[in-house]
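Here the structure comes first, spelled out in structure tokens, and everything after it is commentary.
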Amino acid sequence: MSVSTPYTRFQTTLTQVMDMLSLSPEERTHFEKPQHIHKADILIRRDDGTEQSFPSFRVQFNNARGPYKGGIRFHHDADEEEVKALAALMSIKTAVVNIPFGGAKGGVQCDPKDLSSKEVQAISRAYVRAMLQNIGPDIDCPAPDVNTNPAIMAWMRDEYEKETRTYSPAVITGKPVSYGGSLGRDTATARGGFFILQEMMDRDAIDPSELKVVIQGFGNAGAHMANFLHGAGYTIVAISDSQGGIYSPEGIDPVRVEKYKRKTGAVAGEYCDYSGGSVCDLDRMKMDGVQHVSNAELLELPCDILIPAALDNVITAENAAKIQARYILELANGPTTPEADEILKEKKVKIIPDVLANAGGVTVSYFEWTQGRSGEQWTAQQVDSELRRIILEGYKSVRREARRKGMTYRQAAFSVGIKRMSEAMRVRGWI
Ligand code: NAD
């Protein structure tokens, strides 16, 4: 049996859709592997005076439609296979929402929890120096991803400008608003997913107050999504972070959860002490109508909408049959395996795939890049209304493709993306 990796999972859907579209062998070669894989060992001096090197990657998958675009992840599991898959997904994603970018991704294999802020800054600057020849406002524009944030983007822009002796705010997105960032970038990923969900519920004439939602992950994507949904009248019945989650059939107020998380470091921290394992105050939980759930249990809870907003590869052949949701909105990248996709299709669960559901982030990154190049500053209202227009156009093109071709939304999103990329390659004379 072949080993399943993030890249082989991407290839499974890719091959399915390329077959459905009867792509020529020549066209297929452009989708099957990245255009460039850059690797470098980053050497920094630790605070204790020792030197340490960290493997780092920048995978540039395809730039037929514009400069490469994609985040940089700092994570101990970030390896070439993972970064390759994420870069490939970025190429499809930018094409689905029809913004003028290609796809790329970066990663540094490190654990930021073990590093001081000074060490994180040294890694960020060294990464830019290592990739200097391969990035730039017209070449490849990185952005934040898991464990990277606006402060890191500011260090990276600063290093790029110093090394190239240029003024280049558009080299990187997700910067602090005070240093060339865009309003609305912090909430963009969740906001985009929320716009799609609202559109689907309107079309299906479903009242949000009748809908129960489960969210896995309470970081940038998950926490903002919880707030938007709560504000619009949906009932959030379960939320989790890496330590586990809480479930309350009567509903959870995400503002209170945010307070628990800030105070104790964990979503369930008000009730459970994780310092030596997990010990929960069951009496208090009972009084508040709350139960503790593991991340595995959370996915199988009774609900209407399930939102994976943390890790990849969590909805698999092992648990797909037990999922009770009618809709899955993938804010995380790659949360569902191809085997799970098949099972969920049989169960008629509607999946809004990552390449569409979480494309709000890269869409507002595009607005930031545009502002960086023109020197303009958009208002929050401008960002919101343009995001809504672009993400809903992406959603409508996917829905239309799904209906016409009898595809799942994931297949339809890949189909829309592949066709737009092929068209760009054709007019450029690559195929
Ligand atoms: P984040 O680091 O801000 O938050 C991640 C959350 O997941 C945290 O609450 C963390 O505790 C939780 N988590 C970690 N391990 C977990 C586990 N084993 N089980 C359950 N929860 C766990 O990251 P983020 O920016 O919110 O990104 C989350 C996902 O969304 C990733 O897959 C990322 O690629 C994707 N995404 C994010 C953006 C964005 O703009 N932030 C854009 C597109 C896609």
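The values are calculated or read from the model by the stated rules, or taken from the named source; none is laboratory data. These figures come from a predicted structure and were not determined experimentally. Here the Cβ positions follow ideal geometry from the backbone for every residue, glycine too, while neighbour counts run over all protein chains shown. The area values use the complete protein model at the heavy-atom level, side chains included, leaving out ligands, DNA and RNA. Shrake-Rupley method; radii C 1.70, N 1.55, O 1.52, S 1.80 Å.
Confirm whether residue 170 is small (Gly, Ala, Ser), in contact with a Cys (Cβ under 7 Å, 6 or more places away or on another chain) and either assigned to a helix (DSSP H, G or I) or away from the ligand (no atom under 16 Å from the Cβ) (or both).
yes
Here is a list of conditions, (1) among the charged types (D, E, K, R); (2) open to solvent by 20 Å² or more (accessible area, probe 1.4 Å); (3) away from the ligand (no atom under 16 Å from the Cβ), and residue 191 meets all of them except one; can you say which number that is?
With (1) among the charged types (D, E, K, R); (2) open to solvent by 20 Å² or more (accessible area, probe 1.4 Å); (3) away from the ligand (no atom under 16 Å from the Cβ) applied to residue 191, the lone miss is (3).
Only one residue in 297, 318 is within 16 Å of the ligand (Cβ to nearest atom), part of a helix (DSSP H, G or I) and not β-branched (Val, Ile, Thr). Which one? I'd like the intermediate steps shown before the answer.
Details: 318 fails: part of a helix (DSSP H, G or I).
So the residue among 297, 318 that is within 16 Å of the ligand (Cβ to nearest atom), part of a helix (DSSP H, G or I) and not β-branched (Val, Ile, Thr) is 297.
Being crowded, with 24+ Cβ neighbours inside 10 Å, within 15 Å of residue 213 (Cβ to Cβ) and in contact with a Pro (Cβ under 8 Å, 6 or more places away or on another chain) is the filter here, so list the residues in the stretch 301-327 that pass it.
Hit for the stretch 301-327 is 308, nothing else.
Residue 324 passes all but one of (1) closer than 28 Å to residue 147 by Cα; (2) assigned by TED's automatic domain parsing to the domain that holds residue 295; (3) touching a Leu at 6+ places or on another chain (Cβ under 9 Å); which number fails?
(1)
All but one of (1) over 19 Å from residue 353 (Cα atoms); (2) away from the ligand (no atom under 12 Å from the Cβ); (3) touching a residue at least 24 places away in the same chain (Cβ under 8 Å) hold for residue 149; which doesn't?
Of everything listed in (1) over 19 Å from residue 353 (Cα atoms); (2) away from the ligand (no atom under 12 Å from the Cβ); (3) touching a residue at least 24 places away in the same chain (Cβ under 8 Å), residue 149 misses just condition (2).
Only one of these is within 20 Å of the chain's Cα centre (by Cα) and assigned to a loop (DSSP other than H, G, I, E, B): 277, 334. Name it. Working first, answer last.
Numbers: 277 fails: within 20 Å of the chain's Cα centre (by Cα).
Of the residues listed, the single one that is within 20 Å of the chain's Cα centre (by Cα) and assigned to a loop (DSSP other than H, G, I, E, B) is 334.
Which of the following residues is under 16 Å from the mean Cα position of the chain (by Cα) and either more than 16 Å from the ligand (Cβ to nearest atom) or not in a loop (DSSP other than H, G, I, E, B) (or both): 307, 343?
307
Looking only at residues that are open to solvent by 70 Å² or more (accessible area, probe 1.4 Å) and at pLDDT 95 or above in the stretch 256-300, which one is farthest from residue 349 (Cα to Cα)?
This residue is 291.
Restricting the first residue to the stretch 3-15 and requiring it to be on the phi < 0 side of the Ramachandran plot and touching a residue at least 12 places away in the same chain (Cβ under 8 Å), which pairs with a second residue that is assigned to a loop (DSSP other than H, G, I, E, B) and open to solvent by less than 30 Å² (accessible area, probe 1.4 Å) meet a Cβ separation below 6 Å and a spacing of at least six or different chains?
6/334; 9/337
Hey, can you tell me all the residues within the stretch 74-103 that are under 15 Å from residue 173 (Cβ atoms) and either touching a residue at least 60 places away in the same chain (Cβ under 8 Å) or surrounded by fewer than 24 Cβ atoms within 10 Å (Cβ to Cβ) (or both)?
The answer is 90, 93, 94, 97, 99, 100, 101.
Within the bounds of the stretch 160-169, is there any residue that is without any contact (Cβ under 8 Å) to a residue 12 or more places away in the chain, open to solvent by 30 Å² or more (accessible area, probe 1.4 Å), at negative phi and of a type in the set (Val, Ile, Thr)?
Yes - at least one qualifying residue is present in the stretch 160-169.
Among helices (runs of 4 or more DSSP H) lying entirely in the stretch 1-97, which contain 3 or more residues that are under 29 Å from residue 121 (Cα atoms) and outside the structural domain of residue 333 (by TED's automatic domain parsing)?
The qualifying helices (runs of 4 or more DSSP H) are 80-96.
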